[in-house]
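The values are calculated or read from the model by the stated rules, or taken from the named source; none is laboratory data. Model, not experiment: these values are computed from the prediction. Cβ placement follows ideal geometry from the backbone for every residue including glycine, while neighbour counts extend to all protein chains displayed. To get the accessible areas, we keep the full protein, side chains included, count just its heavy atoms, and leave off ligands, DNA and RNA. Shrake-Rupley method; radii C 1.70, N 1.55, O 1.52, S 1.80 Å.
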Amino acid sequence: MAQTPPMGWNSWNFFECDSVNEQVIMDMADAMVSTGMNELGYEYIVIDDCWQIARDKYGVIIVDSAKFPSGIKHLADYIHAKGLKFGIYSDAGTHTCGGRPGSKSFEEIDAQTYANWGVDYLKYDWCNTEGQDPVESYTLMRDALYNAGRPIVFSLCEWGHAKPWLWADTVGHLWRTTLDITDRWDGNRWGNQLGWTEILEHQNGLEKYAGPGHWNDPDMLEVGNPGLSINEAKAHFTMWCMLAAPLICGNDLKNMSPEIAAILMQKDMIAINQDRLGQQGFKIYDEGNFEIWQKPLAKGQIAICLLNLENREKEFLLDWKKISIKDFEGLYSVQPIWEKDGMIDTEFVLDLTIPARDVIVYILSKE
Ligand code: GLA
């Protein structure tokens with residue numbers, strides 16, 4: 001499973017706890033199909049926190065019927081009927097981060113419930129886990145899911161504290177590497193929600209731990225949420241593609257602008273993200289506020305991304321032989337991705353202007 005980074009949508013970043021409900025989830029499934037996102041690979045519709053309310057006397061989880069009056073099975077069926085896959089959320093501790101019942105001591109019964117509902121993806125959080133060992137707790141749920149007998153992508157949300165990249169490849173398919181993302185370029189909100197460029201800084205060096213079936217997860221996308229401008233959202237999406245990050249949208253798909261849809265549906269960037277080599281990108285050049293990243297692709301192709309972190313234009317003379325591209329041998333043709341200004345090759349030195357807080361991306365192919 002998850003041989004390429006999972007793609008889909010999750011309710012948290014935009015709808016959080018208060019606004020998520022059955023109608024929202026159905027609307028997002030509808031939008032994923034009507035926009036054509038499903039044809040580009042987006043497939044999971046994941047309900048994050050706040051769908052659960054209590055447990056019955058047998059320990060079976062009870063759905064919050066004020067938000068989900070028709071129940072979860074009904075939603076799963078609705079999503080499956082559209083050709084999409086269905087995901088849900090729980091927590092390894094006593095309670096979720098939103099204070100709803102967690103799965104601690106109920107792992108088997110919860111996994112069985114999810115399998116009965118037709119769950120295809122589980123995000124498993126780490127709030128209220130005092131005294132628990134992450135390897136043990138996540139392994140417990142992994143085994144419960146396995147025993148339940150339904151293939152379920154297992155997404156670990158431990159925020160990187162216990163360095164899951166060192167142990168989680170045999171436990172789950174993806175693991176969060178940092179605290180939560182928020183819709184900011186940089187800095188943080190309330191100390192614990194990070195702008196996307198802060199998260200980016202922590203990804204370089206983790207590339208050796210990711211690959212088909214096991215991915216570093218720098219958290220869900222903020223593309224389309226109000227705190228990022230169009231170019232900022234484009235740069236964010238581009239870098240998540242370069243990182244082979246899971247592409248889990250976190251915006252209101254039903255009401256997104258054409259500019260935002262065009263970013264989320266940029267075919268060539270998605271192809272870079274989903275490349276079957278499954279190699280996470282890494283930084284090859286760094287001037288502080290100007291960086292160049294490389295992502296090796298199948299068939300000897302190479303994606304190169306120039307990232308201008310500064311809030312003003314950046315001039316750069318791009319000499320392909322001088323930016324330390326790994327495994328760069330001979331001549332390559334150069335295809336720009338976001339701009340359609342024709343093909344060149346790596347003999348040419350490019351005199352570039354990278355707009356403020358923006359990216360330029362090329363795919364290099366052997367001549
Ligand atoms: C944590 C997770 C978030 C989200 C919320 C839900 O903060 O890291 O992604 O799931 O909990 O309460």
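Can you tell me which residue in region 79-97 is nearest to the ligand (Cβ to nearest atom), limited to those that are open to solvent by 40 Å² or more (accessible area, probe 1.4 Å) and either within 25 Å of Met28 (Cα to Cα) or in a helix (DSSP H, G or I) (or both)?
Checking each candidate, the answer is Cys97.
If Ile47 satisfies every condition in (1) under 30 Å from Ala298 (Cβ atoms); (2) within 17 Å of the chain's Cα centre (by Cα); (3) aliphatic (A, V, I, L, M) but one, which is the exception?
Ile47 satisfies every listed condition except (1).
Identify the single condition in (1) over 30 Å from Asp358 (Cα atoms); (2) within 16 Å of the ligand (Cβ to nearest atom) that Pro151 does not satisfy, given that it satisfies every other one.
(2)
Within the bounds of region 14-33, is there any residue that is open to solvent by less than 60 Å² (accessible area, probe 1.4 Å), away from the ligand (no atom under 14 Å from the Cβ), aromatic (Phe, Trp, Tyr) and at pLDDT 95 or above?
No, region 14-33 contains no residue that is open to solvent by less than 60 Å² (accessible area, probe 1.4 Å), away from the ligand (no atom under 14 Å from the Cβ), aromatic (Phe, Trp, Tyr) and at pLDDT 95 or above.
Return yes or no: is Trp175 out of contact with any Asp or Glu (no Cβ under 7 Å at 6 or more places or on another chain) and not assigned by TED's automatic domain parsing to the domain that holds Ala298?
Here the answer is no, as Trp175 does not meet what is asked.
I'd like to know if region 214-230 contains one or more residues that are free of Cβ contacts under 8 Å to residues at least 40 places away in the same chain and open to solvent by 50 Å² or more (accessible area, probe 1.4 Å).
Looking through region 214-230, at least one residue is free of Cβ contacts under 8 Å to residues at least 40 places away in the same chain and open to solvent by 50 Å² or more (accessible area, probe 1.4 Å).
When you check Met343 against the structure, is it on the phi < 0 side of the Ramachandran plot and in contact (Cβ under 8 Å) with a residue 24 or more places away in the chain, yes or no?
So Met343 fails the test.
In region 341-366, which residue that is surrounded by 12 or more Cβ atoms within 10 Å (Cβ to Cβ) and among the small types (Gly, Ala, Ser) is farthest from the chain's Cα centre (by Cα)?
Step by step, filter region 341-366, then rank; the result is Ser365.
Of everything in region 100-133, what is of a type in the set (Gly, Ala, Ser), open to solvent by less than 20 Å² (accessible area, probe 1.4 Å) and within 13 Å of Ser90 (Cα to Cα)? Give them in sequence order.
Passing the criteria: Gly102, Ser103, Ala111.
Could we say that Gly205 is over 29 Å from Lys254 (Cβ atoms) and without any contact (Cβ under 8 Å) to a residue 60 or more places away in the chain here?
no
When the residues of region 63-78 are filtered to those that are touching a helix residue (DSSP H, G or I) at 6+ places or on another chain (Cβ under 8 Å) and of a type in the set (Gly, Ala, Ser), which remaining residue is least open to solvent (accessible area, probe 1.4 Å)?
Step by step, filter region 63-78, then rank; the result is Ala76.
Where in region 316-367 are there strands (runs of 3 or more DSSP E), lying fully within it, with 1 or more residues that are outside the structural domain of Trp196 (by TED's automatic domain parsing) and among the aromatic types (Phe, Trp, Tyr)?
In region 316-367, 332-336, 358-366 are the strands (runs of 3 or more DSSP E) which contain 1 or more residues that are outside the structural domain of Trp196 (by TED's automatic domain parsing) and among the aromatic types (Phe, Trp, Tyr).
Is there a residue in region 44-61 that is among the β-branched types (Val, Ile, Thr), in contact (Cβ under 8 Å) with a residue 60 or more places away in the chain, away from the ligand (no atom under 16 Å from the Cβ) and open to solvent by less than 60 Å² (accessible area, probe 1.4 Å)? It would help to see each step written out before you state the result.
In the first step, residues of region 44-61 are kept if they are among the β-branched types (Val, Ile, Thr); the result is 45-47, 53, 60-61.
Retained after the next criterion (residues that are in contact (Cβ under 8 Å) with a residue 60 or more places away in the chain): 46.
Going one step further and asking which of them are away from the ligand (no atom under 16 Å from the Cβ), we end up with none.
No, that holds for no residue.
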